[in-house]
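Single-structure report; data block below.
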Amino acid sequence: MQIKVVANVLKANRDVASENRALLKELGIKVVNLISSPGAGKTTLLERTIADLKEELPLAVIEGDLMTTRDGERIGRHGVPVVQINTGGGCHLDAAMVKKALEELPLKEIKLLIIENVGNLVCPSSFDLGEDEKVVIISVPEGDDKPAKYPVTFRRTRLCLLNKIDLLPYSNFNVDNFYRDVRALNPEMKVLQVSALTGEGMEAWYNYLRGLVQSN
Ligand SMILES: Nc1nc2c(ncn2[C@@H]2O[C@H](COP(=O)(O)OP(=O)(O)OP(=O)(O)O)[C@@H](O)[C@H]2O)c(=O)[nH]1
Ligand SMILES: [Mg+2]
């Protein structure tokens, strides 16, 4: 009985995600679902991305957070449309939350929507939101063993950003071990090394976003 209920929740979520996907496709909007542990740098990466790309790529952001509007306020200061979702304790966003948030965004004016999921490396990857791509961020201080220990998200994504590479000289993070474990889980995974703080490596991430927006 318990298993049936969970299955129904996931099926109901998939149905709403399909509606979101169809609407966004019709409008020609590409969608990225950003997933990471708390503090890996999702909002910092978004802030720099917006500052560097907003004139070139009209974009909007949906912010997911348990309780506060702090990340939404950080994004709002950059002058792009943003909707903050508070899950009230829930550990991930779901498609119905995103559907409601879409009603608040000027969809006809944007080409790219980036969704910052709730900081959590496990649950968010099980809930389709209607995105084109899930992107996972791991940061250097978390340790190089995280892909092997939290494998599910790495099997469901095609791009991993290794953030906070400015901290590599002060850390025992082993980049070779990290790549080995990522490739063992997902041989197709593309990895980009970035620092959202210093801007190092960010151009490759921007090229990825440009390519996504131009794709069919
Ligand atoms: N050194 C360094 N610090 C960074 C970098 N990116 C983010 N930070 C710092 O990491 C901390 C957390 O960054 P956030 O961007 O708030 O992380 P987040 O993933 O959005 O966090 P949650 O929304 O709570 O899950 C902040 O103090 C940032 O300044 C980076 O590339 N290098
Ligand atoms: Mg954040």
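Computed quantities for the displayed model
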item: Segment 94-120 versus segment 55-72: alpha-carbon centroid distance in Å; result: 9 Å
item: Rounded, prolate or oblate (a/c below 1.5 giving rounded, otherwise prolate when a/b exceeds b/c) for segment 1-109 by Cα gyration tensor; result: oblate
item: Within the chain, helix-based [θ] at 222 nm, where runs of 4 or more DSSP H residues each add -39,500 (n - 2.57), nearest 500; result: -12000 deg cm²/dmol
item: Rg ratio (alpha-carbon, reference 2.2 N^0.38 Å) - the chain; result: 0.99
item: Charge-dipole axis of segment 2-214 as Lys and Arg at +1 and Asp and Glu at -1 on Cβ define it, positive-most pick from A17, N163, L112; result: A17
item: Lysines with Cα under 29 Å of K164, excluding same-chain neighbours fewer than 8 positions away; result: K30, K42, K54, K111, K134, K146, K149, K190
item: Most fluctuating residue given options N172, N13, N33, as computed from a GNM of the chain linking Cα atoms under 10 Å; result: N172
item: Probe 1.4 Å, accessible area per residue of the chain, Å²; result: 48 Å²
item: Length-normalised contact order of the chain in % [C-alpha pairs under 8 Å, at least 6 apart]; result: 24 percent
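The values are calculated or read from the model by the stated rules, or taken from the named source; none is laboratory data. Please read all numbers here as calculations on a predicted model, not as lab measurements. Positions of Cβ are backbone-derived with ideal geometry, glycine not excepted, and every protein chain shown enters the neighbour counts. With ligands, DNA and RNA removed, areas are computed over all heavy atoms of the protein, side chains included. Shrake-Rupley method; radii C 1.70, N 1.55, O 1.52, S 1.80 Å.
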